[in-house]
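Colleague: Please see the structure below; I have some questions.
The values are calculated or read from the model by the stated rules, or taken from the named source; none is laboratory data. The structure displayed is predicted, hence computed values, not measured ones. Backbone-built Cβ (ideal geometry, glycine too); neighbour counts: all protein chains shown.
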């Protein structure tokens, strides 16, 4: 991305945000102050930002891994849900062995995410079905699955709400700092982002993935196992998103309910785009989106600007980028 | 029983008209997964127009206009500038969700009161005329694609855009027109949600119906007439669930919502290539 | 007695695409009632000239006259209204639609709404009027054979009953019988006073069925003559002599066979799937080179790509004695195969990656991680040895010039030395010096023990490679010809004129 483009898009976004704030009858200075306070102003606030980052960072990295390999995985939402469902199913199973429960969740969640992605990967390679179509269908199936699970097999016998049995407090991840919601989960997410960055840029496998994503025909003619590479990236992407869902349950909610996500799977894609389709860029954007989300309630409460501004701003930024770049942003994708 | 049929029709109509618009666009070779966002915009505009004093029919028209503009905007990004339509669509959903929530909050203020608007007057079969028109939409599209010259050209844009170019026609123009039309239909679908069943707006009122409409298009294998039974089935099942209201029906209801998705996936697996999707779906215009 | 006006006259036509001058003062005249053949080597400007005639392109300079009146067509539709219709080489039909719907799409006079019956009647009417078999109106184009699809494309153009019908390589996909039927149909049109312009490479057809011919070379008109007053030999000589002569005499020694090693390549009953080409059997020994010489479109490219596994094929394929499943690049390379594809931009290099990354795509130095220092060093060394001019190993592959890209591909494929190297059009688009360099390296590889298969369309290159030559015509191979075979003789084989 050219620096000039980035600057233009950033300025455009700030201008639009300012306009919206004024439209809401608030002062831009107040709005900005409230947002910053809500995102970083206190231990609780910073913890909130960090807590929200986990899911966003993981879905952003998941998007990057898939898109760079040429797979337009729009199914992150469903893969996230699959991981959360797995965590909700497996977590309560070992009430006296918290370590075992956590291990089970950390294994089951990515596995569930990969399984959720698997039919789409198969259809893409064996039937040439564009991943966008199959993953959107799978998202619907996953959402319906969650609706069923929380009212059926996973239903919490205590209470009237449709939600799953809670994981015991001993199993849930402890906050890193008392009084804040952030747990080790966010660290895990950031470490995975760094690993993904390392893998893509510094390993032979990463090189092969990038080649397959950039020029699938040339990669195949050059003797790279393109089908295996693409499918592997697809499944890995699903696993990362699934882990995000599992950690959401393990670290924040303790259970599954319906609806569970606020479109984190799609926000992850936007974050990946904003981050230039790199793991670290996507992670940084994910944290930015999380900060905006964390600050949004303060924005509404203190400055009187509807909290929805926090989701408009990143979307405008990405749209601005897409308009400026034109052409294909995910090259080589089928 | 009359109540059941009414409700089934009311529930099916928004899906049907939104799916018809998307089907038209995909046959032209583009794809707008941001249909959810367009429906949301239509819903909000209809709501705002109603709160602003416009009669329901005019609110519908206002929503259509908003959809038209939304479609043109999509065409600017995804067709003319040739950005990946899937990426544009994803971000459009996020933007529409935020923008409509923002606008609603500004319009409604801080009160927790439920704001209502007038609904469309009921007519034949106990449903508004607009709902009945929705059932005509796929039929009209079928006829248009099969028998008109413009329909042939649109289908060519989605199957072999080079062929259109060699005839001296612009693929960008055809796809942009399709985008505008599908924007209108998508927005009307959202508007109908507000102006028929539950005449009030909440954040994310469309609740995934846009994606369901996308699934219907795949389920119908891009053939307009096949949308009718699919939408009616969904409408019927949802109406049934409302009738029964018992919590213990979680299984059948969720299953029926997943059904179009599962069946469509099955159809994709069984078909030879691409599941019947237009050959040039999602490609850049030559 | 006045001569009737020329149906079409293009004079002094110049057209450039960026730095490339496709046409340089070309001239072309089409008389009413004639079948006219337009000949020329690849890149001579035929397609460009024809695109200008059909209103698809505008010339930078020059004039177009139609029936003695000066004209200028803003777009293909204007040309169509003036009675000029072009049928492109690759059919532009909608596979998922029926024959009837496709012909309706191609009909500029189609009504806005049309019944199924009217569309069906159009097909019947066109089939009768043109004498071409168009298949059943309700058949989906996707299931029709290539010949029928070609005819539908032609019928589509005939709907306006064009005075001037332009066909780009119409017989490339037709069987001899279909070709004869097509020419009969074309002759019926010219007997009625219409004109037909054909772009073709098939000299045999030209001398059998055309009235006049025009030969283009490097954007200029070399020859304009009635067919009756010239011979295939003359034309073939001009056609092939158009390629730029080398400045140095051939001085490369022939490759030496390695005795005792397994054959580098073994084909038995091998043919690309669905090509209609006859099954091929041949053998290349280790250390031996073989040149496949053919005019584009005769199946040599496809055969080479099929051997390398990038196109599906049937039959037996063995590389260095190992059986290789056809259609798998992986299996081909696992057996020791290397491949330089025809389209180096789309199938050769990964444009967005660096030179070093392209060179070591499959096995970069380093174990768990890529050893960047070693990668850069190894890349720099190899780039130097292969003469690739670039700013450094980190430069973007897509930014290299064509010649350097080709050398980069060679650098990638020739080390470690493969058992078999398949190279398709390895010097296409390269200047003389680069071409000679590439050829020398190919022969070096053979001398070092690799089997080398080169596909080329340039008979002079076939001579220079100094290896046995087999000409490919319509998918069939000629017997091996010595590299000392004359250009004229090679030309006859390439044109399908030899026994």
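Colleague: Looking at A:110, A:92, can you tell me which residue is part of a helix (DSSP H, G or I), more than 14 Å from chain B (Cβ to nearest Cβ) and in contact with a helix residue (DSSP H, G or I) (Cβ under 6 Å, 6 or more places away or on another chain)? Step through it out loud before you land on a result.
Modeller: Numbers: A:92 fails: in contact with a helix residue (DSSP H, G or I) (Cβ under 6 Å, 6 or more places away or on another chain).
Unique residue meeting the criteria: A:110.
Colleague: Taking the range C:427-455 as the search range and keeping residues that are outside any helix (DSSP H, G or I) and crowded, with 24+ Cβ neighbours inside 10 Å, which one is farthest from the chain's Cα centre (by Cα)?
Modeller: The extreme case among them is C:450.
Colleague: Are there any pairs with C-beta distances below 8 angstrom linking a residue in the range B:242-266 that is within 14 Å of residue A:149 (Cβ to Cβ) to a residue that is modelled with pLDDT under 75 and part of a helix (DSSP H, G or I), with the two at least 6 apart or on different chains, and if so which?
Modeller: From the range B:242-266, the pairs are B:253/B:241.
Colleague: So, one more: Picking from A:306, A:259, which residue would you name as being within 10 Å of chain B (Cβ to nearest Cβ), surrounded by fewer than 20 Cβ atoms within 10 Å (Cβ to Cβ) and either more than 14 Å from the chain's Cα centre (by Cα) or within 28 Å of residue A:326 (Cβ to Cβ) (or both)?
Modeller: None of the others qualify; the one that does is A:259.
Colleague: Moving on. Taking the range C:305-333 as the search range and keeping residues that are in a helix (DSSP H, G or I) and under 21 Å from residue C:285 (Cβ atoms), which one is nearest to the chain's Cα centre (by Cα)?
Modeller: Among those that are in a helix (DSSP H, G or I) and under 21 Å from residue C:285 (Cβ atoms), it is C:306.
Colleague: Now for a separate question. If we scan the range A:264-286, do we find a residue that is assigned to a loop (DSSP other than H, G, I, E, B), away from chain C (no Cβ under 14 Å), more than 19 Å from residue A:108 (Cα to Cα) and free of Cβ contacts under 8 Å to residues at least 12 places away in the same chain?
Modeller: no
Colleague: Scanning the range A:118-141 for residues that are more than 9 Å from chain B (Cβ to nearest Cβ) and farther than 19 Å from residue B:85 by Cα, which turns out farthest from the chain's Cα centre (by Cα)?
Modeller: So, considering only residues that are more than 9 Å from chain B (Cβ to nearest Cβ) and farther than 19 Å from residue B:85 by Cα, the one farthest from the chain's Cα centre (by Cα) is A:125.
Colleague: Still on this model: Inspect all residues belonging to the range C:64-85 and state whether any of them is in contact (Cβ under 8 Å) with a residue 60 or more places away in the chain, in the same structural domain as residue C:209 (by TED's automatic domain parsing) and touching a helix residue (DSSP H, G or I) at 6+ places or on another chain (Cβ under 7 Å).
Modeller: yes
Colleague: Quickly run through the range C:93-103 and pick out the residues that are modelled with pLDDT of 95 or more and within 8 Å of chain B (Cβ to nearest Cβ).
Modeller: Residue satisfying the conditions is C:101 alone.
Colleague: Shifting gears a bit: Which of the residues spanning the range C:170-195 are closer than 26 Å to residue C:277 by Cα, touching a strand residue (DSSP E or B) at 6+ places or on another chain (Cβ under 9 Å) and not in a loop (DSSP other than H, G, I, E, B)?
Modeller: Result: C:182, C:183.
Colleague: Look through A:229, A:247, A:235 and report the one residue that is part of a helix (DSSP H, G or I) and within 14 Å of chain C (Cβ to nearest Cβ).
Modeller: Within the list A:229, A:247, A:235, the selection yields A:229.
Colleague: I've got another one for you. Return the residue satisfying two criteria in turn: it lies in the range B:111-138 and is assigned to a loop (DSSP other than H, G, I, E, B) and out of contact with any helix residue (DSSP H, G or I) (no Cβ under 9 Å at 6 or more places or on another chain), and of such residues it is nearest to residue A:19 (Cα to Cα).
Modeller: Within the range B:111-138, the match that is nearest to residue A:19 (Cα to Cα) is B:111.
Colleague: Taking interchain pairs and intrachain pairs at least six residues apart, which have beta carbon atoms under 7 angstrom, with the first residue in the range B:92-103 and under 13 Å from residue B:201 (Cα atoms) and facing another protein chain (nearest Cβ under 7 Å) and the second crowded, with 22+ Cβ neighbours inside 10 Å and at pLDDT 95 or above?
Modeller: B:97/B:37; B:97/B:40
Residues checked against (1) under 28 Å from residue A:157 (Cβ atoms); (2) within 12 Å of chain A (Cβ to nearest Cβ); (3) at pLDDT 85 or above; (4) crowded, with 23+ Cβ neighbours inside 10 Å:
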| residue | (1), (2), (3), (4) |
| --- | --- |
| B:210 | no, yes, yes, yes |
| B:216 | no, yes, yes, yes |
| B:228 | no, no, yes, no |
| B:241 | yes, yes, no, no |
| B:245 | yes, no, no, no |
| B:248 | yes, yes, no, no |
| B:252 | yes, yes, no, no |
| B:261 | no, yes, no, yes |
| B:270 | no, yes, no, no |
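Colleague: Name every residue in the range A:13-55 that is buried (at least 19 other Cβ atoms within 10 Å of the Cβ) and over 16 Å from residue A:296 (Cα atoms), in order of residue number.
Modeller: A:13, A:54, A:55
Colleague: Oh, and also: For residue A:183, state whether it is in contact (Cβ under 8 Å) with a residue 24 or more places away in the chain, surrounded by fewer than 23 Cβ atoms within 10 Å (Cβ to Cβ) and facing chain B (nearest Cβ under 10 Å). Spell out how you get there, then give the answer.
Modeller: Numbers: in contact (Cβ under 8 Å) with a residue 24 or more places away in the chain: yes; surrounded by fewer than 23 Cβ atoms within 10 Å (Cβ to Cβ): yes; facing chain B (nearest Cβ under 10 Å): no.
No; evaluated as a whole, the condition is false for this residue.
Colleague: Next up: Considering only the range C:123-169, how many residues are without any contact (Cβ under 8 Å) to a residue 60 or more places away in the chain, in a helix (DSSP H, G or I) and closer than 12 Å to residue C:100 by Cβ?
Modeller: 7
Colleague: Among the residues of the range C:484-499, count how many are in a loop (DSSP other than H, G, I, E, B) and touching a strand residue (DSSP E or B) at 6+ places or on another chain (Cβ under 6 Å).
Modeller: The qualifying residues number 1.
Colleague: So, one more: Residues that are within 30 Å of residue B:216 (Cβ to Cβ), in contact with a strand residue (DSSP E or B) (Cβ under 8 Å, 6 or more places away or on another chain) and not in a helix (DSSP H, G or I): does the range A:143-154 have at least one?
Modeller: yes
Colleague: Going by the structure shown, is residue A:207 in a helix (DSSP H, G or I) and more than 8 Å from chain C (Cβ to nearest Cβ)?
Modeller: For residue A:207, the condition - in a helix (DSSP H, G or I) and more than 8 Å from chain C (Cβ to nearest Cβ) - is not met.
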